[in-house]
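Enquirer: I'd like to ask you about the structure that follows.
Please treat every number below as a calculation from the coordinates, not as lab data. Small disclaimer: the values here were computed from a predicted structure and weren't measured. When we count neighbours, we look across all protein chains shown, and the Cβ atoms used for this are built from the backbone with ideal geometry, even at glycine.
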Amino acid sequence: MSTKVLMVCLGNICRSPLAEGIMRQLTKGKAFEIDSAGTANYYAGAAPDPRTIEVAAQNGIDISQQQARQLTTQDIVDFDHILVMDRQNLNDAMALCTTKEQRNKIALLNEVTAVSPEEVPDPYYGEEDGFAFVYTLLYHSCSKWIEHNC
């Protein structure tokens, strides 16, 4: 049986697709299923932001075929762990829960890994170097999460 992990941000075009790619790379050959979603439906069906695709490719990860989608109530049921990027994502995901068991599946990624900063910043409106910073932060956070959950 595999562990199902969902990475969540706002639009599912920057942070969560990058986190999905990193988690897939780090769990390759292990019993994990990794996906990503956004709390908003702004970009459903779209590829990740070109800057996200570029920083992933620079680090040997191809996320160019991913498509943005919105977090659903079925995701809350289906996934074992739902790791969100910031407090607003946390609040939005929690709003979809109907039980304590479901709420217990959802966590702020950097809070559970004790990585600072507590929230993964959204690089969308920033410069190119923001995407590289987010990659490094997510790589460290995902690595630490896997260490504690494998």
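Enquirer: Only four residue types carry charge here, +1 at the Cβ of Lys and Arg and -1 at the Cβ of Asp and Glu. Report the dipole size of the range 3-149 about the Cα centre in Debye, rounded to the nearest 20. Provide the component values of the computation, followed by the final result.
Expert: Values: 12 positive and 20 negative charges, 86 e Å.
Dipole of the range 3-149, to the nearest 20 debye: 420 debye.
Enquirer: Once phi is turned into ³J(HN,Hα) by the Karplus curve 6.51 cos²θ - 1.76 cosθ + 1.60 with θ = phi - 60°, what whole-Hz value does each residue of the range 71-79 show in order, with x for glycine and proline?
Expert: Coupling constants for the range 71-79: 4, 10, 5, 5, 4, 4, 6, 6, 8 Hz.
Enquirer: Find how much the distance from S116 to Y42 grows on full extension, using 0.36 nm per residue of separation minus their present alpha carbon separation; answer in nm with one decimal. Mind showing how you got there, number by number?
Expert: On the way: separation 74, 0.36 × 74 = 26.64 nm, distance 2.81 nm.
Full extension of this stretch gives 23.8 nm more.
Enquirer: In whole Hz, with x marking every Gly and Pro, tabulate ³J(HN,Hα) for the range 40-52 from phi via Karplus 6.51 cos²θ - 1.76 cosθ + 1.60, θ = phi - 60°.
Expert: After applying 6.51 cos²θ - 1.76 cosθ + 1.60, I find 10, 9, 4, 10, 3, x, 7, 6, x, 3, x, 5, 5 Hz.
Enquirer: Have a look at T3, I34, F131 and report the one farthest towards the positive end of the charge dipole of the chain, computed about the Cα centre with Cβ charges (Lys/Arg +1, Asp/Glu -1).
Expert: With unit charges placed on the Cβ atoms, the residue in question is T3.
Enquirer: Still on this structure: Divide by every residue of the chain the summed helix terms, -39500 (n - 2.57) for each DSSP H run of at least 4, and state the resulting mean residue ellipticity at 222 nm, rounded to the nearest 500 deg cm²/dmol. Kindly include the intermediate steps, with their values, before the conclusion.
Expert: Details: 7 runs with 67 residues, N = 150.
The helix contribution divided over the chain gives -13000 deg cm²/dmol.
Enquirer: Treating each Cα of the chain as an identical point scatterer and ignoring solvent, apply the Debye formula and state log10 I(q)/I(0) at q = 0.16, 0.17 Å⁻¹.
Expert: At q = 0.16, 0.17 Å⁻¹ the computed log10 ratios are -0.78, -0.89.
Enquirer: How far apart, in nanometres, would the label points at Y125 and N104 be if each is projected 7 angstrom from Cα along the Cα-to-Cβ direction?
Expert: Taking the simple label geometry, Y125 and N104 are separated by 3.8 nm.
Enquirer: Next question, about the same structure. Mind checking the range 25-63 for trypsin sites (Lys or Arg not before Pro) that DSSP puts in a loop (not H, G, I, E or B) and that have at most 14 other Cβ atoms within 10 Å?
Expert: K28, K30
Enquirer: Here is a further query. Sort 103-110, 124-131, 65-72 for me by packing, meaning the mean count of neighbouring Cβ atoms within 10 Å per residue, highest on top. Show your work: numbers first, answer last.
Expert: Numbers: 103-110: 19.5, 124-131: 13.6, 65-72: 17.1.
Highest mean packing first, the order is 103-110, 65-72, 124-131.
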